[in-house]
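Take a look at the following structure, please.
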Amino acid sequence: MSGTDAQKPDSGKWLTEEEQHAWQGVVQLFMKLPAAIDSNLQRTAGLTQFEYVVLALLSESDDRPLQMSELAAGTNSSLSRLSHVVSRLERRGWVKRQVCPDDGRATQAVLTKSGLAKIVETAPDHIRVVRELVVDELTPAQLRQLGAAGEKIGQRIDAWHADRAADANSR
């Protein structure tokens with residue numbers, strides 16, 4: 001909500017006009033960009049954005065398996081959701097699971113050769129769309145600011161979640 005005559009914008013309860021305008025831009029970005037990227041990936045590669053991110057994280061892991069908990073953190077998802085997605089990727093032959101040699105209780109995900117081929121095949125068009133929708137629309141300075149703002153907000157969200165978890169555990 002934005003400020004009204006009944007509530008002063010600086011009261012801490014309402015956003016100023018400038019803050020409201022910025023927030024509306026952020027909301028549009030949250031709603032439109034993931035949907036556009038996801039629909040393109042599904043149309044061109046038969047992958048959801050989430051599946052693409054899982055494959056990309058595995059491809060960037062220096063030829064080593066990733067523990068499912070690491071992948072869940074990297075995708076900001078629950079282990080349950082990740083497990084379902086990894087199962088779909090396993091059925092397609094792009095990922096396999098194995099027991100962690102250092103901790104028999106943990107499971108690792110490994111990118112297969114066909115999974116690597118899939119990400120290598122899919123990445124150029126994905127990058128083209130990212131460039132078309134984001135990178136090429138911004139000046140280099142705006143892109144740096146967007147990246148810095150995204151990183152800062154992401155860190156704040158992580159701290160916010162940690163604070164909530166600590167509060168819940170102390171009750």
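The values are calculated or read from the model by the stated rules, or taken from the named source; none is laboratory data. What you see is a predicted model; the values in this text were computed from it and never measured. For neighbour counting, all protein chains shown are included, and Cβ atoms are generated from backbone atoms with ideal geometry for every residue, glycine included. Areas reflect the complete protein model, heavy atoms only, side chains present, ligands, DNA and RNA absent. Shrake-Rupley method; radii C 1.70, N 1.55, O 1.52, S 1.80 Å.
Go through the range 121-147 residue by residue and tally those that are in contact (Cβ under 8 Å) with a residue 60 or more places away in the chain, of a type in the set (Val, Ile, Thr) and assigned to a helix (DSSP H, G or I).
Going through the range 121-147 one residue at a time, the tally reaches 3.
Among the residues of the range 52-64, write down those that are without any contact (Cβ under 8 Å) to a residue 24 or more places away in the chain and buried (at least 16 other Cβ atoms within 10 Å of the Cβ). Working first, answer last.
Kept after step one, since they are without any contact (Cβ under 8 Å) to a residue 24 or more places away in the chain, are these residues of the range 52-64: 53, 57, 60, 62-64.
Listed by number, the residues that qualify are VAL53, LEU57.
Identify, from the list ILE127, ILE119, the residue that is within 16 Å of the chain's Cα centre (by Cα), within 27 Å of PHE30 (Cα to Cα) and among the β-branched types (Val, Ile, Thr).
Working: ILE119 fails: within 16 Å of the chain's Cα centre (by Cα).
Residue meeting the stated conditions: ILE127.
I would also like to ask the following. Being open to solvent by 40 Å² or more (accessible area, probe 1.4 Å) and touching a residue at least 40 places away in the same chain (Cβ under 8 Å) is the filter here; which residues of the range 65-80 pass it?
GLN67, the sole residue that qualifies.
Quick check on my filter: what residues within the range 37-81 are modelled with pLDDT of 95 or more, hydrophobic (A, V, I, L, M, F, W, C) and either over 21 Å from GLY104 (Cα atoms) or outside any helix (DSSP H, G or I) (or both)?
Matches in the range 37-81: ILE37, LEU41, ALA45, LEU47, PHE50, VAL53, VAL54, LEU55, ALA56, LEU57.
Just to verify a result, which residue in the range 108-164, among those that are among the polar types (S, T, N, Q) and within 21 Å of GLN49 (Cβ to Cβ), is least open to solvent (accessible area, probe 1.4 Å)?
My answer is THR122.
Which of the residues that make up the range 38-51 are open to solvent by 20 Å² or more (accessible area, probe 1.4 Å) and either touching a His at 6+ places or on another chain (Cβ under 7 Å) or farther than 15 Å from LEU133 by Cβ (or both)? Reasoning before the result, please.
Just the residues of the range 38-51 that are open to solvent by 20 Å² or more (accessible area, probe 1.4 Å), to begin with: 38-39, 42-44, 46, 48-50.
Correct list: GLN42, GLY46, THR48, PHE50.
Filter the range 89-107 down to residues that are open to solvent by 90 Å² or more (accessible area, probe 1.4 Å) and either closer than 19 Å to THR48 by Cβ or not aliphatic (A, V, I, L, M) (or both), then give me how many there are.
Residues flagged as open to solvent by 90 Å² or more (accessible area, probe 1.4 Å) and either closer than 19 Å to THR48 by Cβ or not aliphatic (A, V, I, L, M) (or both) within the range 89-107 amount to 6.
I'm told ARG105 meets every condition in (1) assigned to a helix (DSSP H, G or I); (2) farther than 13 Å from ALA56 by Cβ except one. Can you identify the failing condition by its number?
(1)
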